[in-house]
Structures are given as C-alpha cells and as structure tokens.
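Below is one structure, written out as structure tokens; the observations come after it.
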Amino acid sequence: AQKVTQAQTEISVVEKEDVTLDCVYETRDTTYYLFWYKQPPSGELVFLIRRNSFDEQNEISGRYSWNFQKSTSSFNFTITASQVVDSAVYFCALSEDRYAGGYNKLIFGAGTRLAVHP
Amino acid sequence: EADIYQTPRYLVIGTGKKITLECSQTMGHDKMYWYQQDPGMELHLIHYSYGVNSTEKGDLSSESTVSRIRTEHFPLTLESARPSHTSQYLCASSELTSDTQYFGPGTRLTVL
C-alpha cells in the first residue's frame, strides 16, 4: 500500500537557520512521482517540486533543495537560511504511475508545520 | 503559473442552508479534484473528475455532491449544511497525462 510519513509535526527555527523537512514513503510500484507542496497561512497549496522515481539527482532552487534517496525511500526538503516568509505547513505527496487518462491518486503526508521566528 | 479560482473564500452560514462552492480553472485541465481539510491538517479527497460528465467519489465519504458540465467548472454542493461540514475545501486540477495538481485558494466554510 502507498503511504507517506512526515514524522516531524512541528519545527521551530530562528531566521537564517537551515532546516530539513523529512519525508519517507512506501510504495510497491517501480515508477512513481514525489511532490512537495507549501501551504502558507492564507490556505492555498503551492506546488514546489515533482520528481520521478528514475531521477535521483538532487535538485536546488534558490534556498530550496531536495534530496531523493531510493535506498531509504526518502525525499527530504531543506531550506537554507530560513526566512519568516517560509513559515507554512509543508506537505510531501506520492503518486503512482498509471495509464494516461486514468486517475493518478496523490497520497499526502500529514504535513510539517514550520515556524521561522525573527 | 496555475489559474484556478474558488469562490467564496470565506462563508459563514446557518445549519440547514443549501450552499454551492465554486471552482473554475482556465488551464483547460481535464482532471479536477475536491479536498476537505481542517486547517493545517491532512488533506482528504472527497470528489474527482476525469472530464465533462465524469464524477467519482474520493476516499473520504462526503454528503456533498459535484457536477462537471463544463471543462473549466467543478462546483460542489451541500444540500443541507451542518456544523460537521465546517472545514476548508480545496479545489485542484491537473492535465490528463500529469500527476501534478494545482490548487485554488480554498473556501473556508463555517456552519453555525
């Protein structure tokens, strides 16, 4: 069965600290996709990244970086030099590959609430 | 950049009222979804659609209903609202061949 675990319920850091949000997933498929979404206090979910199971290269986008390791079924997200605007709930999600036009279900983790204090 | 809209953003109503939450997207996406979420908590899929005239129930049982008469429009209706329906409702859409879902701003519903 598919499952996404975000063991960190809440993280509190001071501005400029680096912070890593953990995501561990379970799936029996060999082809799947992993996602991170950000939900700021305003409520909308903002898409951050999508990574397929065949691409284990780490990715960096500004202060954000993602570490995908199939050996440990993890897709961790690091924010470097955190800022107050990074305060949000962050969700990790998993999707299995299906035929085109089918329903590709997104399985979300429970989310990690990040508070960045000045 | 996703163009998906939800109205109203906030709604406070009394028990027993009929309400419709609107969701529209201008990206031509075939697939659309409704999620229910208590603030900052897990997302629960309640409805989805592959395209026009296609609707399916999601993982979480819901008393709401949906329709998909036009590609861009996916409204959610509650015939008789109850306090247990108080929650945030998030609409999302994706391309037919993609898993990436783009979300609207959400509707925060409070039923008194």
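The values are calculated or read from the model by the stated rules, or taken from the named source; none is laboratory data. A quick note: this is a predicted structure, and the numbers were derived from the prediction, not measured. Neighbour counts are summed over all protein chains in view; Cβ atoms, including those assigned to glycine, are modelled from backbone coordinates with ideal geometry. Surface areas here come from the heavy atoms of the whole protein model, side chains and all, with no ligands, DNA or RNA. Shrake-Rupley method; radii C 1.70, N 1.55, O 1.52, S 1.80 Å.
Before moving on, here are some points about what is shown:
- A single member of B:Glu95, B:Glu42, B:Glu79 is at the interface with chain A (Cβ under 9 Å from one of its Cβ atoms) and out of contact with any Pro (no Cβ under 8 Å at 6 or more places or on another chain), and it is B:Glu42.
- Within segment B:62-102, the set of residues being open to solvent by less than 20 Å² (accessible area, probe 1.4 Å) and in a strand (DSSP E or B) comprises B:Leu76, B:Leu78, B:Ser87, B:Gln88, B:Tyr89, B:Leu90, B:Cys91, B:Ala92, B:Ser93, B:Ser94.
Here's the yes/no breakdown for (1) under 25 Å from A:Ser12 (Cβ atoms); (2) surrounded by 13 or more Cβ atoms within 10 Å (Cβ to Cβ):
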| position | (1), (2) |
| --- | --- |
| A:Tyr37 | yes, yes |
| A:Ser42 | yes, no |
| A:Leu48 | yes, yes |
| A:Gln57 | no, no |
| A:Ser65 | yes, yes |
| A:Phe75 | yes, yes |
| A:Thr78 | yes, yes |
| A:Gln83 | yes, no |
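- Against the numbered list (1) of a type outside the set (A, V, I, L, M); (2) open to solvent by 30 Å² or more (accessible area, probe 1.4 Å); (3) not in a strand (DSSP E or B), B:Arg108 comes up short only at (3).
- Positions within segment B:29-60 being in contact (Cβ under 8 Å) with a residue 12 or more places away in the chain and open to solvent by 50 Å² or more (accessible area, probe 1.4 Å), in sequence order: B:Asp30, B:Asp38, B:Pro39, B:His44, B:Tyr50, B:Val52, B:Asn53, B:Thr55, B:Asp59, B:Leu60
- Only one entry in A:Ala81, A:Ala7 is on the phi > 0 side of the Ramachandran plot, aliphatic (A, V, I, L, M) and not in a helix (DSSP H, G or I), namely A:Ala81.
- Of all residues making up segment A:13-32, the number that are more than 17 Å from the chain's Cα centre (by Cα) and part of a strand (DSSP E or B): 2
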